[in-house]
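Some notes on the structure that comes next.
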Amino acid sequence: MDLNSKHKIELIEKRIEELKKRLSRCDICPRNCKVNRFDGELGYCGIRDKAVVHCAFLHRGEEPAISGDRGSGTIFFSGCNLKCSYCQNYKFSWKPEGKPLSSKDLAKVMLDLQIKGAININLVTPTHLMPLILEALLTALKEGLKLPIVYNTSGYEKEEIIKGLDGIIDIYLSDMKYLNSTIAEKYSRAANYPLMCIQSLKEMYRQKKLPLWKNGFLSSGLIIRHLVLPGQIEDSKEILSWIEENTPQALLSLMFQYQPYYKAKDFPEINRAIDNEEYSRTSKYAQKLNLKGWVQEFSSNKSMAGPYFEPNIHI
Ligand code: SF4
């Protein structure tokens, strides 16, 4: 076993019990539902004490730095602590659609992805399940998992939980959805999203300031994703400026793939794709800043991220 895996095992063993206990009066995310998930009670995320997995596969549609040539070993978890009205994964983020797995079975999923050639393990929407995922990760590490771990989050996090992941997570891939709390409340019922996201991003940046690369792919670092919403260009510009000022060495992934999924129809102003002018104004603004990362090409009828990114361009 390599030193890195040994170190991760020690850290998880030290922190897991305390974190698991919190599920009995759940406060592991900013919703603070205080439900007993071991007793079958449901909070906002809609998941009890087993990780529900919607699907797991080698994903080649993420940013090139984490998809690589062989694919990112992506595990999509069901349920979500944010549940945006326009979520493209609404079929399993709003409902517990998928298979509830024991930590032993989830560890096997991780190890299978490694055997299939994944370049990392990409935990998509892990926030509400982190104690359960860490338990699985502990087993997987003991059984030979060596891949970098990607924490792929909406950004609606508690800083203290992110602090507890120091030394365990290799790559943070976090959204920064809103800086305006009125918009955050309107589309995601989370007026405190901007504050929670800012605090957690600063902690992620403290842990993973400098991107590290191995064989051309990211092995450690922070990627901040921002999905531009129709009619919200001013908030997007503020977000881009915030990133330049506060996390200048993080990698930016600027996305234009928004489509009006699910409950977007309840909000006429976001019930459409981004138009050409919005794309042009936002991407030009980003290009003036001193940031590195990827900007998605304008393509209003395509919904996958990866193939439309330009790798390593200076934007
Ligand atoms: S993880 Fe789920 S139950 Fe726990 S506080 Fe967050 S939304 Fe509520």
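Numbers below:
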| item | result |
| --- | --- |
| Residues that are on the phi < 0 side of the Ramachandran plot and surrounded by fewer than 12 Cβ atoms within 10 Å (Cβ to Cβ), drawn from region 214-225 | K214 |
| Among (1) over 30 Å from N215 (Cβ atoms); (2) more than 10 Å from the ligand (Cβ to nearest atom), the one test that G68 misses | (1) |
| Residue in region 52-64 that is within 16 Å of the ligand (Cβ to nearest atom) and either more than 16 Å from the chain's Cα centre (by Cα) or at pLDDT 95 or above (or both) present | yes |
| Scope region 80-100; condition within 22 Å of E185 (Cβ to Cβ) and touching a residue at least 40 places away in the same chain (Cβ under 8 Å); matching residues | C80, N81, L82, K83, C84, S85, Y86, C87, Q88, Y90, W94 |
| Criterion: touching a Pro at 6+ places or on another chain (Cβ under 7 Å) and not charged (D, E, K, R) - qualifying residue of Y44, Y86, Y90 | Y86 |
| Which listed residue is out of contact with any Pro (no Cβ under 6 Å at 6 or more places or on another chain), of a type in the set (A, V, I, L, M) and buried (at least 23 other Cβ atoms within 10 Å of the Cβ), from L132, L138 | L132 |
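One line per residue, one yes/no per condition, for (1) in contact with a Leu (Cβ under 8 Å, 6 or more places away or on another chain); (2) part of a loop (DSSP other than H, G, I, E, B); (3) modelled with pLDDT of 95 or more:
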| site | (1), (2), (3) |
| --- | --- |
| W242 | yes, no, yes |
| Y279 | no, no, no |
| K302 | no, yes, no |
| P311 | no, yes, no |
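Residues checked against (1) closer than 26 Å to L240 by Cβ; (2) more than 16 Å from the chain's Cα centre (by Cα); (3) free of Cβ contacts under 8 Å to residues at least 40 places away in the same chain:
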residue: Q114; (1), (2), (3): no, yes, no
residue: N122; (1), (2), (3): yes, no, no
residue: L129; (1), (2), (3): no, no, no
residue: L137; (1), (2), (3): no, yes, no
residue: S154; (1), (2), (3): yes, no, no
residue: N180; (1), (2), (3): yes, yes, no
residue: A191; (1), (2), (3): yes, yes, yes
residue: M204; (1), (2), (3): yes, no, no
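The values are calculated or read from the model by the stated rules, or taken from the named source; none is laboratory data. This one's a predicted model, so the numbers in the text were calculated from it and none came from an experiment. Reconstructed Cβ throughout: ideal geometry from the backbone, glycine too, with neighbour counts over all protein chains shown.
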